[in-house]
């Protein structure tokens, strides 16, 4: 019985020490002054599937997006409209482009493009929520 207790304690210690190197900030209060989204970001990888398992692919000349502390963003994704406002609620990013009559076809019923947002050590991941990727998709951005 004594050895079983040692085995269980050693197993718990070993398993708790095996953590990822990523500093996931998903539960952070994103309305704080030190909001991790503020700054310039560049799309570098996409997580896609072509009918099988998902895999990461490099993105050349990926979108660049800038977030300000005033709740504004600018992006080179769409040449017809390059700016708007954003908000983050419950780890979901809402992008509202500000050009009259502009539509992307990716908006939710309220008119925003939405993503689940996850911050990791050197990058952020955006997973669309306003459109459905049948086989899943995510986009990795690095800070510029």
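State whether one or more residues within the stretch 102-114 are in a strand (DSSP E or B), at pLDDT 95 or above and touching a strand residue (DSSP E or B) at 6+ places or on another chain (Cβ under 7 Å). Working first, answer last.
Step one: filter the stretch 102-114 for residues in a strand (DSSP E or B), giving 113-114.
Within this subset, residues satisfying the condition of being at pLDDT 95 or above are 113-114.
Of the ones still in play, those that are also touching a strand residue (DSSP E or B) at 6+ places or on another chain (Cβ under 7 Å) are 113-114.
Scanning the stretch 102-114, I find at least one residue that is in a strand (DSSP E or B), at pLDDT 95 or above and touching a strand residue (DSSP E or B) at 6+ places or on another chain (Cβ under 7 Å), so the answer is yes.
Go through the stretch 107-122 and give me each residue that's surrounded by 15 or more Cβ atoms within 10 Å (Cβ to Cβ) and without any contact (Cβ under 8 Å) to a residue 60 or more places away in the chain. Spell out how you get there, then give the answer.
As a first pass, look at the stretch 107-122 and keep what is surrounded by 15 or more Cβ atoms within 10 Å (Cβ to Cβ): 107, 112-120.
If the condition is that a residue be surrounded by 15 or more Cβ atoms within 10 Å (Cβ to Cβ) and without any contact (Cβ under 8 Å) to a residue 60 or more places away in the chain, then 107, 112, 113, 114, 115, 116 are the ones that fit.
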Answer yes if at least one residue in the stretch 51-60 is at pLDDT 95 or above and either in a loop (DSSP other than H, G, I, E, B) or surrounded by 13 or more Cβ atoms within 10 Å (Cβ to Cβ) (or both), and no otherwise. yes
Tell me the residue from 69, 130 that is assigned to a loop (DSSP other than H, G, I, E, B), in contact (Cβ under 8 Å) with a residue 24 or more places away in the chain and farther than 30 Å from residue 50 by Cβ, please. 69
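The values are calculated or read from the model by the stated rules, or taken from the named source; none is laboratory data. Predicted, not measured: the structure shown is a model, and the values here were computed from it. Glycine gets a Cβ as well: all are built from the backbone with ideal geometry, and neighbour counts include every protein chain shown.
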